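The values are calculated or read from the model by the stated rules, or taken from the named source; none is laboratory data. Everything numeric here is computed off the predicted structure, so don't read it as measured data. Cβ placement follows ideal geometry from the backbone for every residue including glycine, while neighbour counts extend to all protein chains displayed.
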Amino acid sequence: MGFFESFVALRLLKGVRRQKGFLSLSTFISMAGVAVGVMALIVVIGVMTGFDQDLKKKILSVNAHVVVLKAGSPVTDAPQLAAQVKSVPGVVSAAPFIYTQVMFSAPGNISGGVIRGLDLETIRQGGPPALNVVQGQFADLADLAPEDPPRAAIGNEMARNLNLNLGDYLNIVSPLGTLTPMGRLPRMKAFRVSAIFHSGMYEFDSNLVYTSIPRLQEFLGLGNRVTGLEVEVKHIYAAEEVAEAILKKLGPGYYTRNWMQMNRSLFAALKLEKIAMFIILTLIVLVAAFGIASTLFMMVMKKTRDIAILKSMGATRQSIMRIFILNGLVIGGVGTTVGVGIGLGLCAILKRYQFIKLPRDVYYISTLPVQIQGLDVAAIVLAAMAISFLATLYPSWQAARLDPVEAIRYE
């Protein structure tokens, strides 16, 4: 754009003489429409991204990055297997675990869930690193005195549902049980609640119990067998490549599952929903683009005589077209800038004060998370400006093809 086109375009945006120094009402409404659309896009995409990131964080606070399992049978040589896995590049740690479904019972209450056995080293370090222990000490689960009952860590929602506090006893029933002449009888043992944790996900906090591997092996009669190995990797998005390297190291007879595979359907649904919301809310900007087009049409009709004079003085069709394209881009640019500012401000308020609460038994999380990514903001800005640009093309073309003789014939 040259100086001539820029100067004329900005003069046209000032409106009629009695509104000198102010944008016309139609121009202001067009800018407001773009701003509202961009603001809605930033807030909704920020919430969707925050939900996705928060969900990944909470899932990884309980689940391992990579799980190594033995095909068709439990793992019996966990220490040797862990040493092999630790030698793979990209692996931070590898520890055995036990995972099995059980029943939980307390006076007047009963529920189903999962019990996980952790190795003593992980327990002494305070349990899974990202898990928030709200009461008690996770390290107490490592107490192996024979005279003491086995100890367990439970979620805060389970503690509320079963009316349990620190020091209370939780009866755990395993359906695998013991085979007798009367059939298979379930095993039952009382575990003492030594810690209460909070992961932020209702599914984990209401159905998951931790204890030590030795006590769980004793309870289930597993001997030295474990379910498999939990592997932590340096970069969580490289989990698939590290898992393939582990399989090459261990050879046949083993298989792996990474955190992305175990939650593929959930994250695929979130990604699809985010794309769908982006497309739907972009329609708001598209509607605002019709406002930009109508504003330019009105400007062309009102400035017909001025356009004719400019063309008679030597202005080319390309110059006239660039003038009105610049008008539309200024309207779209100002609206986009205002929308980005308001949207980022609302996201900052939502992130800081978290005043929107969600029911924990319906959603995975209790508050509305917000996470702004630069690429998302850039995509929104580019989409808004592209739509604004497309909205200017036809009105600008109409202005450029105006015949100056016909325009000033009756003046």
Practice problem: Tell me which residues, restricted to segment 290-315, are out of contact with any Leu (no Cβ under 7 Å at 6 or more places or on another chain), buried (at least 17 other Cβ atoms within 10 Å of the Cβ) and closer than 15 Å to THR392 by Cα. | Solution: GLY291, ILE292, ALA293, THR295, LEU296, VAL300
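Here is a list: LEU272, LEU220, LEU208, LEU281. Which entry is out of contact with any His (no Cβ under 7 Å at 6 or more places or on another chain), hydrophobic (A, V, I, L, M, F, W, C) and over 28 Å from ASP54 (Cα atoms)?
Sole residue among the options that is out of contact with any His (no Cβ under 7 Å at 6 or more places or on another chain), hydrophobic (A, V, I, L, M, F, W, C) and over 28 Å from ASP54 (Cα atoms): LEU220.
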Practice problem: Would you check which residues across segment 57-106 are among the charged types (D, E, K, R) and either modelled with pLDDT of 85 or more or over 21 Å from LYS234 (Cα atoms) (or both) and list them? | Solution: LYS70, ASP77, LYS86
Self-check item: Residue identified as of a type outside the set (Gly, Ala, Ser), over 18 Å from the mean Cα position of the chain (by Cα), surrounded by 17 or more Cβ atoms within 10 Å (Cβ to Cβ) and assigned by TED's automatic domain parsing to the domain that holds PRO128 among GLU230, GLU244
Solution: GLU230
Exercise. Would you check which residues across segment 45-63 are of a type in the set (Asp, Glu) and within 14 Å of ALA269 (Cβ to Cβ) and list them?
Key: ASP52
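Does any residue of segment 285-295 turn out to be more than 41 Å from the chain's Cα centre (by Cα) and either without any contact (Cβ under 8 Å) to a residue 12 or more places away in the chain or under 26 Å from MET31 (Cα atoms) (or both)? Show your work before the answer.
Within segment 285-295, the subset more than 41 Å from the chain's Cα centre (by Cα) is none.
Scanning segment 285-295 turns up no residue that is more than 41 Å from the chain's Cα centre (by Cα) and either without any contact (Cβ under 8 Å) to a residue 12 or more places away in the chain or under 26 Å from MET31 (Cα atoms) (or both).
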Quiz prompt | Enumeration of residues in segment 197-210 that are over 22 Å from the mean Cα position of the chain (by Cα) and surrounded by fewer than 23 Cβ atoms within 10 Å (Cβ to Cβ) | solution = SER206, ASN207, LEU208, VAL209
Practice problem: Any residue in segment 33-52 that's in contact (Cβ under 8 Å) with a residue 40 or more places away in the chain: show its pairings with residues that are of a type in the set (Lys, Arg) at Cβ separation under 7 Å, as long as the two are six or more apart or on different chains. | Solution: ILE45/LYS274; MET48/LYS274
Quiz item: Of the residues that sit in segment 143-160 and are out of contact with any strand residue (DSSP E or B) (no Cβ under 6 Å at 6 or more places or on another chain) and not acidic (Asp, Glu), which one is nearest to LEU170 (Cα to Cα)?
Solution: MET158
